[in-house]
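All of the numbers you see were taken from the coordinates with simple rules; none came from a lab. Since we're looking at a predicted model, the values are computed, not measured. Cβ atoms come from the backbone with ideal geometry, glycine included; neighbour counts cover every protein chain shown.
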């Protein structure tokens, strides 16, 4: 049986093949080149031709996968959901943050291509993370017919990975931002900033622990605003640049580094 | 008989109510996504029209470059206007309208692949922001050098790639909804004209916009400066991309306007189209004639593409086809109830007239002895055609806005705004056409003389074009205000126009006849 997914991808595959042949014939190909994958003659503008042929191959592969995994097959859907017949309509798809984050990942990659390779890598990592999360979300939503069980299943699998990774990334980013602020401040200013931030952190923690009835929303808001403030300060400090450093004591040992004003 | 019904949401546990911001960012509801497309498109539209107005003002006296100071900057803004009004404004607004309305029209519970539709919107939105940033930081689509920075030009191109990717992603979702998500009994020949024209136009977009993306990739590779893979196109950036903003490709972007008019006219006239299937064929023909990815200088081998028979024949064939569509719509209205025409009807018919104007200018432009290909007639054709779409989407949002937002809007303000926009488009189009016949260039050269007016009698028409640009901007801002006032409007009735296509149904329905209009829907248990 040809599934809906197969029809879609096969359509794209056919369109890509047509586009490849058309591109070939309109860019100087020989009569038989484009229809023989270049075996019997030139294919015209080879880059365009290759891009379309590769796209056709990818779409074709996706089409075969759609058939192999019985995509949109009502019997398989019923089997997965543990019911006798498939639901009459497609289940409503819940909200998801992954499309927006995925787009942000693509935007980061794009800006990174022009601005810096580090940003490019960050974008790639974000895309990989979004890809994994999105895939797992889709899988878990269809794992059983019970949404509560589906959610527990997803959390049991992903929380042990998400929490430490997010904690590491969050701490790393905040430490990096704070270090930029300290490096951009004067000697005395850095001491002052470290002191004030330390007191703020300690004071807030003390307050929260003494008042356990503070609404969760207030705690979240304070934490988010604090993190954003540190991030913004770090970005501004990074843009400003570090203060001037001077070697102290002639520099032969290399272990005495002091800061100027 | 197949019934459509709202499915239970099995993906949420139901306890957590998202905030407005969370809902806006994470939504997969097709109406919300459609609204996001339209609202963002209107913002970029206003920005594009401001750019267009500034270019028009500068064009009144190019000798001094009083506003911009250099031809590079002028060209940057001029190309930003063309790219912006098409890919950042009009096409996204159509995508938004289609995302919101088409699933309802074909009886689907939502757009197919809703998360991909959401991804499409976000990719487009971020790509649009990057593109605009590229233009603002001395990038754009001019040749690097002078006042243009290579990295900023690269950023503009990559933003453009994201814009194309987002549009294509959402288009795939809409087309799949039409092809595979229709309710039982809703065959392709029965679907409303708007859904049909979106299917045809979207198919053309999917086979042509990737070509534009490929153009951008080749230029980006050249800009990266690696001699091992050099295509030699970095000095002709606009020439590589301009095919997407002129004949015949602009008709692919304009096709849904026929669908909008085609859905409004029979309901307003209380009369079926004389031949629904004829209109399906005619619109499909416009789609076929609008395939424009071949019409680029990269494919000039021997005779330039734009002087070859296919280009000229397409330019002339499109005129009778649009005329036939217009005749069909007028005939439906004439045979109808003949009451006072509602604002969306008047605006949608004006839109078809503007499309016809664009087609006629396109045909005149293809006449080789007139030598109009590099003149402002090119811009006139784009203005008429894309301006027609703009007026049509104004009509479309007035027509379907109650269904999309659930609130009523002041029709009078929307009507006046639409008239202002139509008048503005007409003034710009007529002025640029006459200026083109008088020899004014289409702003593609690198010096003041080549960039526009050679200081001849076109000055008066440049003044007319400025007035038109101002009227167009005022109209669009009035339209935006109409949308804002709709947000505070009273709750909309379920079927304000007495429409009979599926998007107005308020409950489970069954499709029981051969046409989507008038007597085909029997409401069941609503």
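Taking Cα pairs under 8 Å and at least six residues apart, what relative contact order does the range A:98-142 come out at, in percent? The partial results should precede the final answer.
On the way: 38 pairs, mean separation 16.9, N = 45.
After rounding, I find 38 percent.
Sorted by average packing, counted as other Cβ atoms within 10 angstrom per residue and highest first, what order do A:119-125, A:163-169 take? Provide the component values of the computation, followed by the final result.
On the way: A:119-125: 15.7, A:163-169: 10.7.
Order by mean packing, descending: A:119-125, A:163-169.
Rounded to the nearest 10 degrees, what's the angle between the helix B:150-180 long axis and the longest principal axis of chain B, both from Cα atoms, 0 to 90?
Orientation of helix B:150-180: about 30 degrees from the principal axis.
What is the order of A:40, A:92, fewest Cβ neighbours within 10 Å to most?
So the ranking, lowest neighbour count to highest, is A:40, A:92.
What's the average, rounded to a whole number, of partner chain beta-carbon atoms within 10 Å of each residue's beta-carbon in B:108-119?
That works out to 5 on average.
Nearest 10 degrees is fine. How inclined is helix B:276-289 to the longest principal axis of chain B, computing both from alpha carbons?
Orientation of helix B:276-289: about 20 degrees from the principal axis.
Would you mind checking the tilt of helix B:343-365 against the longest principal axis of the Cα atoms of chain B, expressed as 0 to 90 degrees and rounded to 10?
On a 0 to 90 degree scale, this one is about 30.
Please give the Cα centre distance for the range A:126-166 versus the range B:465-487, rounded to the nearest Å.
So the separation of the two Cα centres works out to 46 Å.
Based on the mean of other beta carbon atoms within 10 Å per residue, what is the order of A:28-37, B:186-195, most packed first?
Listed from highest to lowest mean packing, they are B:186-195, A:28-37.
Take the Cβ-Cβ distance between residue A:162 and residue B:438 as r, set R0 to 45 Å, and report the resulting FRET efficiency rounded to the nearest 0.05.
Working: r = 66 Å, r/R0 = 1.47.
For R0 = 45 Å, the calculated efficiency reads 0.10.
Average partner chain C-beta neighbours within 10 Å, per residue of B:179-191?
For this peptide, the per-residue mean of nearby foreign Cβ atoms is 1.
Round to a whole angstrom and tell me the spacing of the C-alpha centers of the range B:31-107 and the range B:340-386.
Here the answer is 18 Å between Cα centres.
Using Cα pairs closer than 8 Å and at least 6 residues apart in sequence, work out the relative contact order for chain B, in percent. Don't skip to the answer; put the middle values down first.
Working: 979 pairs, mean separation 86.0, N = 526.
Reported as a whole number, the value is 16 percent.
Compute from the Cα atoms of the range A:98-142 the Rg and the Dmax, the latter being the longest Cα-Cα distance, and quote both in angstrom.
Rg and Dmax of the range A:98-142, Cα atoms, are 11.8, 40 Å.
Distance from the Cα centre of the range A:167-228 to that of the range B:162-234, in angstrom?
Taking the Cα centre of the range B:162-234 as reference, the centre of the range A:167-228 is 47 Å away.
Could you tell me what fraction of 2.2 N^0.38 Å the Cα radius of gyration of chain B comes to, as a two-decimal ratio?
0.95
If you take each beta carbon of peptide A:40-49 and count the beta carbons of other chains within 10 angstrom, what is the mean?
2
Roughly how large, in nm² to one decimal, is the mean projection of the convex hull of the alpha-carbon atoms in the range A:158-261?
Seen from a random direction, the Cα hull of the range A:158-261 projects 9.5 nm² on average.
Could you tell me the relative contact order of the range B:325-436? Use alpha-carbon pairs under 8 Å, at least six residues apart, and round to a whole percent.
About 34 percent, as a whole number.
Which order, highest average first, do B:218-225, A:54-61 follow once you tally other Cβ atoms within 10 Å for each residue and take the mean per peptide? Let's see the in-between values first.
Working: B:218-225: 18.1, A:54-61: 15.8.
In decreasing order of mean packing, B:218-225, A:54-61 become B:218-225, A:54-61.
Reported to two decimal places, what Rg/Rh ratio describes the protein assembly as shown when computed on Cα atoms with Rh from the Kirkwood expression?
0.99
Based solely on its DSSP helices, what 222 nm [θ] is calculated for chain B when runs of n ≥ 4 H residues each add -39,500 (n - 2.57) and the sum is averaged over all residues, nearest 500 deg cm²/dmol?
Numbers: 15 runs with 325 residues, N = 526.
Value at 222 nm, helices only: -21500 deg cm²/dmol.
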